[in-house]
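Here, each number is a calculation from the coordinates, and none is a lab measurement. On a predicted model such as this, the values are computed, not experimentally measured, just so you know. All Cβ positions, glycine included, derive from the backbone under ideal geometry; neighbour counts span all protein chains shown.
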Ligand code: PEP
Ligand code: MG
C-alpha cells in the first residue's frame, strides 16, 4: 500500500487532492513541472483515518516515510539529526479543502542541543541557529506536548524586559541570551508537563507527524468544517519538507510575488522582497520590503528593487512565475525564499484580486488567447462586482490598521458608503437636505411615512429589521446606502439623541453629529471618512456582454417607479419582475388617499378616494410601460398590510378624519378595530383583494388602461398581473375572473389587443404544497422568497435582527449565513423544488421566476439555475451581479452534465 508520495513521485491519477491534500498536491505538481521546490514528501489522508482508528503509525507507514526522508537527505546533502550537516524539516497539515489556520504546523524539526551547534557553524550565525531552535521548542512544546502558548510568550516578553526593552524585535536578542532562553524553555516544558522535549530527532519527527494528523480533530477545526459543510471523515494529509532559510545573509531573502497586479490587474510581475529575512518577517512588517521590479519602485529607489540587486534571481523568479501562471491558467500568488542565491518556491495559489483587477485580468486572458470567454468569466467573483458599482470605504481591516474601528454594526442592507449628519426624523431629513446638508436618517424602523426622509437622506440606518425589512427593501429600490438592524442603537427621538452600548461603554451621539456608514459590510464609523467613488473599468462592459451571451436565465428588476424602470433598463434588466404597487403610494398626498380608502366607512366613500387614486396609478403604469417598451412588466397588486396605513399620530388622525368628513373619535375607533398584532401575517396581499375588491379592481383597470394607451402610442406592452400572499388556489380563481373581465371591458371596442398574463407569487408553504392546483389558474409563478423564508422559518423578517446574529458565525455558529440574504437551500429550497414539480405536473409550460431579495445573491442564483427557473428578479443596483452569477451558474450546470 502506498502511504507516502515524494514530491517527485507520480501520484494516483484520480482524486489526487483527496489523497495528498491541497498543499501536498501543489508541491507535487510544482516539483514535477520542474519548479524549484524544497524537496519533501506527503503522507496520505488515508493515514489520518488509520491513525484515528488505531492510535499509532504502522511500521509500514514509518518505513515508507524514512525511505522518503533518506531521499530528501540525499538531495540536500545533509542528514536528519547529524550535528555536522543537520537537515531541518517542516511538518505541515493540508486537507483536500483549504482550512486556513485551523490545523497545526511545526517548523525546524531536527534541532537539538548538538544539531543546533551544527546549524550555527554551517550558517556562521549563532543567533539565527538558536532562534530557530527556540521556535521549534515553542511550537513542539505547544502543539505536541500541549503546554499553553501564552506561557512561552510571557517568558519571551520577560526576557526582553531583562534585556532592557519588552518590545524589542526578536532579531535584537543576542545569541547568548537566546541560547540561555532555549534552556529556560526546555525547563518550562518539564515543569508544565510530565514529559520533556525530545532530544532524539526521530522522536521529534514521529511526535510532530502524529500531532499534525491529530490536529484534524481539534475543536476549532471541527467547528470550521461544520460551518463550511466539509465532511468530518476525510482527514488531513501531512507534508514533510526540507526547511530553506532566507535569513542567511545578504544573498538570501524572502518575498511574495503575483504574476499580475492584484489591485488593478495590469500585466507584469508585482510583489515585495525582504533581504536576509524569513517569510514571517515580511508579513510582520518590522522592516520595509523592496519592490520586485525597478518599475514598481518609488522614483529614485529603483536600485533597491530585486530586479536591480539580484538580477539573476529576478530572472529566474520571472520565468518560474510565468510557468506557474500558464500551468494553473490563473494569476498566481507565490511565496518564495532565496537561500544564498538559490530561488525556492514555497507555495502558489490563485491570487485574490479586487473586482477591478478581476475584470481586467479576465479580458486580458481572452485577448492573449489563453482563455475562452467562458473560462474567463468563471474567474470573476460575482459578489465582489458590487465593489465596482458603488462608492465604498477601504476594507474594515485597512481602516483598523489606521486605528479606525466601527462604533456599531448592523446588516449590510444596501451597498454604498456615505458620510452625513445624523437626523432622527424624516421631515427634518427632507428639510436639512433641502438646505444642502448631507444627512443620514436614523430610525428604529421605517414605515411608509418615512419615504420622503429616505429619499432625501444620503444613507439610512435602522435599529431593528432584517435584510428584507421595509428600510432594506425600500433603500435598495431607491439605490440608497442602508445599514439595517443595528441592535446596539438606542434612539431617543424626543432628546434627538442616540446612545450606543458596547463593551467599551456607552457612546452618545446628537442630531447633527457626523458619521460615515458602509452599506457593503454594515459598519458605522464616527466622523467623515474618505469614501472611494465607484470605479470606472473599461473592460466591464465586455465581461457583461459575455455573461449575457452565456446565461440561460433571464434577469429582471424589482422596480416600482418610472425612474427605477429606466435605471433598471440601463443596468441590463430584461423586464420588471416585481413592481410593488404599494411603493407607488410613497408621497404624503398619496399615502393619505390610501389611508382614506382603508378607513372609509362604506363603499360609496371608498370609491370616491379610489377614483382619486386611479389616474395617478394609470399614469405611473403608463410611464413604466413606455420605458420598458417590448419587455415584460410584472405588476403586483397591493400587498402591504392594511395596518401599515392606519394613522399613527393624533395629527395624522385629524387629517384623515377631515378628509373622510367624520368625527375623529369615530375614525379613531375604526382604526383601533383594524389594528393588528401581527400585520405580516394579517390582512395583507390577496386577502385585501378578496375583502375589499374595489381596491384591486381599480388597480387592474389602471393597468389595462395604461397598457392600451401605451400600445396605441406604438409601444409593445407585456403586462403580467401578479397576486401576492396566495395560499388557496380559490383566491386566484376568484380574482382571475375579475382580471379577465376588466381586461375585456377595457379592450372592447379597441382594435389593440393586450398580450397579458395572470400569475401569482408563491410565498407561503401552503402555496408550495398546492402548487399543482394554483398552476391551473396561473400563467406564471414567481417565488417571493422573502416571505417564504419568513414563513418557513417562522422568523419575522422585521424582528430577526434582534436574535439572528447570535445564530450566525460571530455568535453561536448555528447558521453559516442569514437566510434572508442567501436562500436556505435545505429548507426553503426544498419547498421551491416541490412547488416547481407540482406546478409543472398540471402546467408543463408555466413560467417560473423568483423575485425575493435572493434574486441578487450569486449562490441563490445558482440554486435557481439548478431547479430550472426561467428568470430571477432583483433590485436594479444588483443587476450586473445577477447577470454574471446567472452566466456562471449556467456554465457550472453544463459542466455538471
Ligand atoms: C417576497 O416576499 O419575497 C417579495 C418579493 O415580496 P415583498 O418583499 O414585497 O414581501
Ligand atoms: Mg412578499
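Among rounded, prolate and oblate, which fits region 224-278 when a ≥ b ≥ c are the square roots of the eigenvalues of its C-alpha gyration tensor, a/c under 1.5 means rounded, and a/b larger than b/c means prolate?
Oblate.
When only C-alpha pairs under 8 Å and at least 6 residues apart count, what is the relative contact order of region 397-532, in percent?
Computed value for region 397-532: 33 percent relative contact order.
Can you order the peptides 22-33, 6-17, 369-380 by their average number of other Cβ atoms within 10 Å per residue, highest first?
22-33, 369-380, 6-17
Give the order of 631, 850 when sorted by the count of other beta carbons within 10 angstrom, beginning with the fewest.
631, 850
Given a Förster distance of 30 Å, report the FRET efficiency between residue 612 and residue 570 from their Cβ-Cβ distance, rounded to the nearest 0.05.
Details: r = 33 Å, r/R0 = 1.09.
Efficiency, rounded to the nearest 0.05: 0.35.
What does DSSP give for the chain in terms of the percent of beta bridges that are antiparallel, rounded to the nearest 5?
Here the share of antiparallel DSSP bridges comes out near 60 percent.
What's the exposure ranking of 567, 326, going from fewest to most Cβ atoms within 10 Å?
In order of increasing Cβ crowding within 10 Å: 326, 567.
Can you tell me the 0 to 90 degree angle between the C-alpha axis of helix 149-162 and the longest principal axis of the chain, rounded to 10?
Taking Cα atoms only, the helix is inclined about 60 degrees.
Please give the per residue volume of the convex hull enclosing the alpha carbon atoms of region 340-474, rounded to a whole number of Å³.
Numbers: hull volume 27.1 nm³, N = 135.
In region 340-474, the Cα hull volume divided by residue count equals 201 Å³.
Can you give the convex hull volume per residue for the Cα atoms of region 701-747, as a whole number of Å³?
That works out to 66 Å³ per residue.
Please report the equivalent ellipsoid semi-axes of region 287-346, computed as sqrt(5 x eigenvalue) of the Cα gyration tensor, largest first, in whole Å. Could you put the intermediate results ahead of the total?
Numbers: eigenvalues 91, 38, 22 Å².
Over the Cα atoms of region 287-346, the semi-axes work out to 21, 14, 10 Å.
Hey, what D do you get for the chain in µm²/s if you plug the Kirkwood alpha-carbon radius into Stokes-Einstein at 37 °C and 0.692 mPa s?
105
Does region 518-657 come out rounded, prolate or oblate by the C-alpha gyration tensor, with a ≥ b ≥ c the root eigenvalues, rounded set by a/c under 1.5 and, if not, prolate when a/b is larger than b/c and oblate if not? All intermediate terms of the calculation are to be shown ahead of the outcome.
Values: a/c = 3.18, a/b = 1.57, b/c = 2.02.
Oblate is the answer for region 518-657, as a/c is 1.5 or above yet b/c matches or exceeds a/b.
Shape verdict for region 622-781, please, from the Cα gyration tensor: rounded (a/c under 1.5), prolate (a/b greater than b/c) or oblate.
Taking the square roots of the gyration eigenvalues as a ≥ b ≥ c, region 622-781 is oblate.
In degrees, nearest 10, range 0 to 90: what is the angle between the Cα axis of helix 879-896 and the longest Cα principal axis of the chain?
Long axis of 879-896 versus the principal axis of the chain: about 60 degrees.
How high is the relative contact order of region 555-594? Use alpha-carbon pairs under 8 Å, at least six apart in sequence, and give a whole percent.
43
Helix 45-54 sits at what angle to the longest principal axis of the chain, using alpha carbons and giving 0 to 90 degrees rounded to 10?
Taking Cα atoms only, the helix is inclined about 80 degrees.
Throw me the Rg/Rh for region 486-529, computed over C-alpha atoms with Kirkwood Rh, two decimals.
With Rh from the inverse mean 1/r over Cα pairs, Rg/Rh is 0.96.
Over all directions, the average projected area of the alpha-carbon convex hull for region 478-591 comes to how many nm²?
Answer in nm², one decimal: 11.4.
Sort 315, 54 so that the residue with the fewest other Cβ atoms within 10 Å of its own Cβ comes first and the one with the most comes last. Present the calculation step by step, with values, prior to reporting the outcome.
Numbers: 315 12, 54 9.
Fewest-to-most ranking of 315, 54: 54, 315.
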